[in-house]
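This report refers to the structure that appears directly beneath it.
The values are calculated or read from the model by the stated rules, or taken from the named source; none is laboratory data. All figures in this text were calculated on a predicted structure; none of them were measured in a lab. Every residue, glycine among them, receives a Cβ derived from its backbone with ideal geometry; neighbour counts consider all protein chains shown.
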Amino acid sequence: MADGTNITDQPTQALVELGLTGLEAEAYAALLREASATGYRVAQMLGKPVANTYKALESLGLKGAVIVDDGENRLFRAVPPVEFLAAVKQRFVEKHEQAAKALAKLAPPAADDRLYRLQSREQVMQRCRAMLARCEYVAVMDLFPPVVFELLSDLEVAAARGVEVVVKAYRDIAVDGARVIVRPRGYEIVDAIPGSLLSLNVDGREHLLAMLADDGDRVHQAIWTGSAIIAYVLYNGLVNEVSQVAVMQELAGDGDRASLQARFESLRHLHPISSRGPVYQALLRHMGIATAADPSAPPGAEGVT
């Protein structure tokens, strides 16, 4: 640590991760073990210089972690962890809101058609959650079981606010509000691939494709793009895969021609060209073409289909 403190125990390390310096964390932890103590006593307990310890205790007071007896001996007492952590959380929420307001004033970035590599599982899952949170119409995905479970609450929240969530899965799993289409004998694919597949497309506007390692935070490869053209093509691919698996399900259940046709028709609206839906409209807008279905279409655009 910059202040020379050696952080070794878990409680102290947790305090450092909340924003305390190493010496502040050790001083607070020491006071939790004592009813109260002078700064000199805390310095003795920690084996730290008295002047540095007093500075750390004064800083803890400003951060709401300790209170001070104004008597002659100036005894320091630790604020109970529940109370202190609640104050830390409140400050974080306030700073988060301030940052959000400040950043909202910045101009939105121009369209970015490049591909970006994500380097950790945490980064991949964070991007997935952000994509689902900003999805407006439809989210189509191909997910191995571990990924479905990890994103389960995010998928259900998206479905609950009206997003059509379509999951191509490899085992039976319930996702409230979503359409889950399970690939027959999907376990064979899961067992054969050393990792977890993740392919997520939202609104045909952005796509994340990743192969996650089975252990730890590693990824074999993960790519995200906000390219409307690439995302549109990949969206089509996912929808076609979902339709194929739906047909495979019917065939596995001895479905007849009528049931096959009905199953395919139930997914037709996902195909952008045939439905002329929001994914198709978004692609045209990206290409500078407005349509009659687009409320922002200029006069004379009615003939574009």
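If you go through region 176-212 and keep only what is under 15 Å from residue 148 (Cα atoms), out of contact with any strand residue (DSSP E or B) (no Cβ under 6 Å at 6 or more places or on another chain) and either aromatic (Phe, Trp, Tyr) or part of a loop (DSSP other than H, G, I, E, B) (or both), you end up with 176, 177, 183, 187.
So in region 167-201, with the set limited to residues that are of a type in the set (Val, Ile, Thr) and under 18 Å from residue 251 (Cα atoms), which one is surrounded by the most Cβ atoms within 10 Å (Cβ to Cβ)? Step through it out loud before you land on a result.
The initial filter retains those residues of region 167-201 that are of a type in the set (Val, Ile, Thr), namely 167, 173, 175, 180-182, 189-190, 193.
Applying the additional criterion that residues be under 18 Å from residue 251 (Cα atoms) yields 180-182.
Working: 180: 17, 181: 19, 182: 17.
Per the stated criteria, the residue is 181.
Give me the pairs, please: first residue somewhere in region 64-84 and assigned to a helix (DSSP H, G or I), second residue anywhere and surrounded by 12 or more Cβ atoms within 10 Å (Cβ to Cβ), beta-carbon distance under 7 Å, and either six or more positions apart or on two chains. Partner pairs satisfying both residue conditions: 84/64; 84/65.
Quick test for you: out of 41, 74, pick the one residue that is modelled with pLDDT under 90, outside the structural domain of residue 198 (by TED's automatic domain parsing) and among the basic types (Lys, Arg). Please lay out each step first, then the result.
Details: 41 fails: modelled with pLDDT under 90.
From the options 41, 74, the qualifying one is 74.
Residue 1 meets the conditions (1) at pLDDT below 90; (2) touching a Gly at 6+ places or on another chain (Cβ under 7 Å); (3) surrounded by 18 or more Cβ atoms within 10 Å (Cβ to Cβ) in every case but one. The failed one is (3). A count restricted to region 22-63 and to residues that are in a helix (DSSP H, G or I), of a type outside the set (Ser, Thr, Tyr) and closer than 16 Å to residue 9 by Cα stands at 12. I want to confirm something. Restricting to region 4-15 and keeping residues that are surrounded by 17 or more Cβ atoms within 10 Å (Cβ to Cβ) and part of a helix (DSSP H, G or I), which single residue is modelled with the lowest pLDDT? Per the criteria, the residue is 12. Residues considered: 205, 218. Of these, the only one that is surrounded by fewer than 21 Cβ atoms within 10 Å (Cβ to Cβ), in contact (Cβ under 8 Å) with a residue 60 or more places away in the chain, more than 30 Å from residue 253 (Cα to Cα) and not hydrophobic (A, V, I, L, M, F, W, C) is 218.
Given the criterion modelled with pLDDT of 95 or more and among the aromatic types (Phe, Trp, Tyr), identify the matching residue among 144, 92.
Numbers: 92 fails: modelled with pLDDT of 95 or more.
Testing whether each residue is modelled with pLDDT of 95 or more and among the aromatic types (Phe, Trp, Tyr) leaves just 144.
Among the candidates 195, 204, the residue that is modelled with pLDDT under 95, among the small types (Gly, Ala, Ser) and over 25 Å from residue 279 (Cβ atoms) is uniquely 195. If you check 209, 115, 200 for being under 18 Å from residue 231 (Cα atoms) and touching a Cys at 6+ places or on another chain (Cβ under 7 Å), only one passes: 200. Going by what's in this entry, would residue 119 be described as modelled with pLDDT of 90 or more and in a loop (DSSP other than H, G, I, E, B)? Yes.
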